[in-house]
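Participant: This is the structure I have questions about; it appears just below.
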Amino acid sequence: MAHNIAVFSGDGIGPEVMGEAINVLKIAGARFGIEFSFEPALAGGCSIDEHGVALTDSALRTAKESDAVLLGAVGGPKWDDPKASVRPEQAILGLRKELELFANLRPVQVNRHLLHASTLKPEVLAGVDLMVVRELTGGVYYGRPSERRTGASGREAVDTIFYTEGEVERLMRASFDLARKRRKKLTSVDKANIMASSRMWREVANEVAQEYPDVEYEDVLVDAMSMHLIRRPADFDVIAAENMFGDILTDEASMLAGSMGLLPSASLGEGSRGLFEPIHGTAPDIAGQDKANPLAMILSTALMLRLSFGQDEAALAIEEAVDQVLGNGYRTPDIAQPECRVVGCQEMGRLVRERLGGES
Ligand code: NAD
């Protein structure tokens with residue numbers, strides 16, 4: 001039976017990178033005998049333009065009825081009014097919440113052909129292969145109250161970080177299970193010296209750690225972690241963090257790989273249906289110019305094949321095709337180096353398809 005994929009291309013470069021990713025998937029499907037059906041739907045700014053809301057009930061239904069969701073990215077200057085009550089990112093928060101996707105997996109590997117694309121020294125980057133697991137449905141993104149008001153001394157604002165022990169426990173369990181399949185090392189990140197929510201996070205994390213004696217476990221404060229991540233990134237395997245700490249640390253970690261245009265992510269819940277998206281945004285500065293790097297979106301489809309459909313062989317073939325294209329010296333402008341061949345988004349997609357063994 002065909003795997004039913006909900007496709008939210010989104011805004012800005014979203015449709016450009018999604019087009020290349022879908023074409024790559026079709027070639028992978030033909031080569032490995034996997035059938036896909038693609039169900040397009042609107043989310044973000046394009047949905048606001050069309051329907052007045054970032055995510056309609058019907059689009060949400062499309063996602064809920066799918067076996068997996070692919071998402072480009074949403075947002076852009078057109079919808080950026082901070083006072084607007086309807087905002088593109090409501091689509092993402094809505095999808096995460098409604099699909100109960102509580103763990104965001106962000107693998108960061110430094111491709112051997114791109115050791116020089118990062119601003120860090122190649123010797124610091126050698127061997128980097130880490131996975132940040134970011135909690136996705138709690139913390140400051142959903143905590144209430146979150147508001148501005150006027151107090152005795154003028155403008156005031158408040159945000160709330162709220163976690164239940166159950167939310168921390170399931171995230172830590174997912175992280176330990178992953179660590180078991182990798183290098184058996186887990187770093188939990190918090191700010192337990194300051195925040196009550198972090199102290200509970202650490203307590204629960206330590207309790208879950210007792211069940212995984214085979215996994216080497218440590219707690220690290222988030223400020224120290226931001227330093228370790230660029231000083232000795234190869235020392236880390238799985239890094240588990242609450243929502244906002246994970247958000248910030250993954251952008252930092254993306255720079256190890258050289259560009260946000262290279263990094264995929266998977267958002268998972270209890271079931272097999274996940275949401276797969278690049279970690280980058282809509283890149284309004286390069287949208288519509290065929291300059292976007294489609295590799296993060298393409299690699300997100302590989303994650304989908306592996307994590308939602310159990311198609312490890314097809315996933316690996318896509319990853320190898322990407323590696324070959326980079327090995328052959330092709331680069332989009334964001335990762336361009338001297339002596340390389342600079343290509344656009346469409347040509348990069350075509351090259352990956354060619355290496356994957358399909359018609360170009
Ligand atoms: P961004 O990731 O869109 O861009 C940051 C920089 O990285 C830009 O210079 C951009 O050109 C570059 N870049 C990003 N992806 C690239 C790619 N695939 N290829 C080449 N270069 C790439 O972040 P931003 O500028 O902070 O945000 C722009 C918009 O995207 C905002 O509206 C923001 O809200 C939205 N956004 C959406 C998501 C999402 O939908 N998940 C995530 C982050 C930002």
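Participant: In this structure, is Ala91 away from the ligand (no atom under 16 Å from the Cβ), open to solvent by less than 10 Å² (accessible area, probe 1.4 Å) and in contact with a Leu (Cβ under 8 Å, 6 or more places away or on another chain)? Spell out how you get there, then give the answer.
Facilitator: Values: away from the ligand (no atom under 16 Å from the Cβ): no; open to solvent by less than 10 Å² (accessible area, probe 1.4 Å): yes; in contact with a Leu (Cβ under 8 Å, 6 or more places away or on another chain): yes.
Judged against the criteria, Ala91 is not a match.
Participant: Checking Asp219 against (1) outside any loop (DSSP other than H, G, I, E, B); (2) at pLDDT 95 or above; (3) surrounded by 23 or more Cβ atoms within 10 Å (Cβ to Cβ), only one condition comes out false. Which one?
Facilitator: So Asp219 meets the others, but not (3).
Participant: In the range 233-249, what residues are within 12 Å of Gln109 (Cα to Cα), part of a helix (DSSP H, G or I) and in contact with a strand residue (DSSP E or B) (Cβ under 6 Å, 6 or more places away or on another chain)?
Facilitator: none
Yes/no matrix, rows are residues, columns are (1) hydrophobic (A, V, I, L, M, F, W, C); (2) part of a loop (DSSP other than H, G, I, E, B); (3) touching a residue at least 40 places away in the same chain (Cβ under 8 Å); (4) away from the ligand (no atom under 16 Å from the Cβ):
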{"site": "Met18", "(1), (2), (3), (4)": "yes, no, yes, no"}
{"site": "Ala21", "(1), (2), (3), (4)": "yes, no, yes, no"}
{"site": "Phe38", "(1), (2), (3), (4)": "yes, no, no, yes"}
{"site": "Pro82", "(1), (2), (3), (4)": "no, yes, no, no"}
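Participant: Look through the range 94-117, keep the residues that are within 14 Å of the ligand (Cβ to nearest atom) and open to solvent by 10 Å² or more (accessible area, probe 1.4 Å), and return whichever of them is farthest from Leu268 (Cα to Cα).
Facilitator: Ala117
Participant: Can you tell me which residue within the range 58-77, out of those that are crowded, with 21+ Cβ neighbours inside 10 Å and of a type in the set (A, V, I, L, M, F, W, C), is farthest from the ligand (Cβ to nearest atom)?
Facilitator: Of everything passing the filter in the range 58-77, Ala68 is farthest from the ligand (Cβ to nearest atom).
Participant: Please determine whether any residue of the range 222-237 is modelled with pLDDT of 95 or more, under 27 Å from Glu100 (Cα atoms) and open to solvent by 10 Å² or more (accessible area, probe 1.4 Å).
Facilitator: yes
Participant: Among the residues of the range 332-358, which ones are touching a residue at least 60 places away in the same chain (Cβ under 8 Å) and farther than 25 Å from Ala68 by Cα?
Facilitator: Those that are touching a residue at least 60 places away in the same chain (Cβ under 8 Å) and farther than 25 Å from Ala68 by Cα: Thr332, Asp334, Ile335, Gln337.
Participant: Output yes when any residue across the range 130-138 is farther than 30 Å from Leu115 by Cβ and over 22 Å from the mean Cα position of the chain (by Cα), and no when none is.
Facilitator: No, the range 130-138 contains no residue that is farther than 30 Å from Leu115 by Cβ and over 22 Å from the mean Cα position of the chain (by Cα).
The rows are residues; the columns are (1) of a type in the set (Asp, Glu); (2) over 28 Å from Arg170 (Cβ atoms); (3) more than 11 Å from the chain's Cα centre (by Cα).
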| site | (1), (2), (3) |
| --- | --- |
| Ala241 | no, no, yes |
| Glu252 | yes, no, yes |
| Ser267 | no, no, no |
| Gly271 | no, no, yes |
| Glu277 | yes, no, no |
| Leu295 | no, yes, yes |
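Participant: Would the range 99-108 turn up any residue that is part of a helix (DSSP H, G or I) and touching a residue at least 60 places away in the same chain (Cβ under 8 Å)?
Facilitator: Within the range 99-108, not a single residue is part of a helix (DSSP H, G or I) and touching a residue at least 60 places away in the same chain (Cβ under 8 Å).
The values are calculated or read from the model by the stated rules, or taken from the named source; none is laboratory data. In this text the structure is predicted, and so the values were computed from the model without any measurement. As a convention, Cβ positions derive from the backbone with ideal geometry for all residues, glycine included, and neighbour counts pool all protein chains shown. Side chains are part of the model used for accessible areas, which takes the heavy atoms of the whole protein and leaves out ligands, DNA and RNA. Shrake-Rupley method; radii C 1.70, N 1.55, O 1.52, S 1.80 Å.
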